[in-house]
Amino acid sequence: MINWVDHTLTITGEQTELKRFANCFVRAKEGDLFPRYYSDEYNDGEPLTRRVGELYFSFDKLAPRPEDSERWVLARWGIKWVACGAEIDLTPGELKLKWSSGYAPALAVYAELAELFPRLKMRGDYCELMLCIGGEVFCYGGKLTHIDKSKIIEAEMDAGGGRKWRCS
């Protein structure tokens, strides 16, 4: 059974940069496949289709596109379960992004997003209560700041105060 880590990220900045970020997320159409790395390394070389309507990050929308985009995702996520159940909401001046990742918070993704979109301010959190994993992330100017709150969550869960913790 996979333990899913829930992530939320609020992004602010210039509307043109917010749109550039939002445009990297596309909805899967009938027959869309996962990147080749997923099929090759985790599915015995067989192609694996995406669920129709699934929201995913498309490297084809970046300019310039990373040369290693087939491997980029695996290198950044470190596991075969990349962002799942993603939701994105773009309003004037703000973008809200939610997703889940399997087993781990995949902090390298935040660092990469900070580098790809240095003019945007990103503030978010992640948590998975069964594993007592949680923290906050802040990105700006190409840099990631991470505050690990896992020990605080674990101590409060052990003390019976877990009901106040919620994954956003």
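If you go through the stretch 85-142 and keep only what is within 14 Å of the chain's Cα centre (by Cα), among the aromatic types (Phe, Trp, Tyr) and more than 15 Å from PHE57 (Cα to Cα), you end up with TYR103, TYR126, PHE138. Filtering the stretch 104-147 to residues that are hydrophobic (A, V, I, L, M, F, W, C), assigned to a strand (DSSP E or B) and touching a Gly at 6+ places or on another chain (Cβ under 7 Å) leaves CYS127, VAL137, ILE147.
For the subset of the stretch 118-149 comprising residues that are free of Cβ contacts under 8 Å to residues at least 24 places away in the same chain and among the hydrophobic types (A, V, I, L, M, F, W, C), which member is farthest from ILE88 (Cα to Cα)? Only one residue fits best here, namely ILE147. Which residue pairs have Cβ atoms under 8 Å apart, sit 6 or more places apart or on different chains, and have a first residue in the stretch 1-22 that is on the phi < 0 side of the Ramachandran plot and a second that is among the hydroxyl-bearing types (Ser, Thr, Tyr) and loosely packed, with under 15 Cβ neighbours inside 10 Å? Pairs found: ASP6/SER168; THR8/SER168; LEU18/THR12.
Name the helices (runs of 4 or more DSSP H) wholly inside the stretch 8-98 in which the number of residues that are of a type in the set (D, E, K, R) and at pLDDT below 85 is 3 or more. Explain how you work it out, then say what you get.
Values: elements: 15-22, 36-42, 69-77.
Where helices (runs of 4 or more DSSP H) fall fully within the stretch 8-98 and carry at least 3 residues being of a type in the set (D, E, K, R) and at pLDDT below 85, they are 36-42, 69-77.
The values are calculated or read from the model by the stated rules, or taken from the named source; none is laboratory data. Quick caveat, the model's predicted, so the values are computed rather than measured. Methodologically, a virtual Cβ is constructed for each residue, glycine included, from the backbone with ideal geometry; neighbour enumeration extends over all protein chains shown.
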